[in-house]
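The values are calculated or read from the model by the stated rules, or taken from the named source; none is laboratory data. Please read all numbers here as calculations on a predicted model, not as lab measurements. Cβ placement follows ideal geometry from the backbone for every residue including glycine, while neighbour counts extend to all protein chains displayed.
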Amino acid sequence: DKRQLALDVGAHHALPSDESAVEEIRRISRGRGATAIFDFVGIGATTALAAKLPHFESDIVVVGVGDGTVPVGIFSLPYATSVRATYWGSIPELHEVLELARVGAINVETERFSLDEAPKAYQRLSEGSLRGRAVVVP
């Protein structure tokens, strides 16, 4: 279960991505909402959920490459909410993340696949049955 994995690697809360999450986040935050929202899926349902969660001066970062959108307008989001879509980071950021992994500061659950198994990796990704990330190695 992906929510259990999130808890295992340090998340304080792991909620389903449905309307109950809005109420639970409001409860956890004492009515304020979230100051940082990361959408790792990026489909319509998850971006719509992300738009309901911010407090003022919050950040919504859409990492997933789905076809979802976040409405942006003067009255559609709380004051000073920033919305960013990111597909990758910079080379220095990659080096920083790799160093964090090397020293054990972050734990990334991976499943390895050979190059011949790449179609299987994509299939598992499509099914949502991967625990963590797929790594294809030659």
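Is it the case that Ala14 is within 27 Å of Ile106 (Cβ to Cβ), assigned to a helix (DSSP H, G or I) and at pLDDT 90 or above? So Ala14 fails the test.
If I filter segment 72-89 down to residues being of a type outside the set (A, V, I, L, M, F, W, C) and over 18 Å from the mean Cα position of the chain (by Cα), which single residue comes out as nearest to Arg32 (Cα to Cα)?
First, the residues of segment 72-89 that are of a type outside the set (A, V, I, L, M, F, W, C): 73, 76, 78-79, 81-82, 84, 86-87, 89.
Subsequent filtering for residues that are over 18 Å from the mean Cα position of the chain (by Cα) retains 73, 76, 78-79.
On the way: Gly73: 20, Ser76: 17, Pro78: 11, Tyr79: 13 Å.
Among them, the one singled out is Pro78.
Within segment 70-94, the set of residues being surrounded by 11 or more Cβ atoms within 10 Å (Cβ to Cβ) and not in a loop (DSSP other than H, G, I, E, B) comprises Ser82, Val83, Ala85, Leu94. The residue of segment 17-36 that is surrounded by the most Cβ atoms within 10 Å (Cβ to Cβ), among those that are of a type in the set (D, E, K, R) and assigned to a loop (DSSP other than H, G, I, E, B), is Arg32. Quick check on Ser76: is it farther than 25 Å from Gln4 by Cα and modelled with pLDDT under 95? Taking the combined requirement at face value, the residue satisfies it.
Kindly indicate the residue of segment 95-133 that is part of a strand (DSSP E or B) and closer than 29 Å to Ala34 by Cα and also nearest to the chain's Cα centre (by Cα) among those meeting that condition. Explain how you work it out, then say what you get.
From segment 95-133, those part of a strand (DSSP E or B) are 110-114, 133; that's our starting set.
Within this subset, residues satisfying the condition of being closer than 29 Å to Ala34 by Cα are 110, 133.
On the way: Thr110: 16, Arg133: 12 Å.
Among them, the one singled out is Arg133.
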